[in-house]
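This report concerns only the one structure given below.
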Amino acid sequence: MIVKERSTPIKITYLEALLRRLPYDHPKRSRIEEDLFKRRGGYRGEKALDQFFWGAS
């Protein structure tokens, strides 16, 4: 079976770039940070499952 390596989702990359450019006092900054933390957690979970199912490669 061909197993492709999981790459970082583009949405996470976009949110990280947005937070670097957004002022700290921006009204929507906390919402964007929450979204980024949730997406990072989901990505880490997917990577952990990949290692569990396919072994550490």
Practice prompt. Residue by residue through the range 3-25, note down the ones that are surrounded by fewer than 13 Cβ atoms within 10 Å (Cβ to Cβ) and either modelled with pLDDT under 95 or part of a loop (DSSP other than H, G, I, E, B) (or both).
Written response: VAL3, LYS4, GLU5, ARG6, SER7, THR8, PRO23, TYR24, ASP25
Worksheet item: What are the residues in the range 20-53 that are within 19 Å of PRO9 (Cα to Cα) and acidic (Asp, Glu), if any?
Response: GLU33, GLU34, ASP35, GLU46, ASP50
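The values are calculated or read from the model by the stated rules, or taken from the named source; none is laboratory data. Just so it is clear, the structure is predicted and the values come from calculations on it, not from any experiment. Counting neighbours? That spans all protein chains shown, and the Cβs are built from the backbone with ideal geometry, glycine included.
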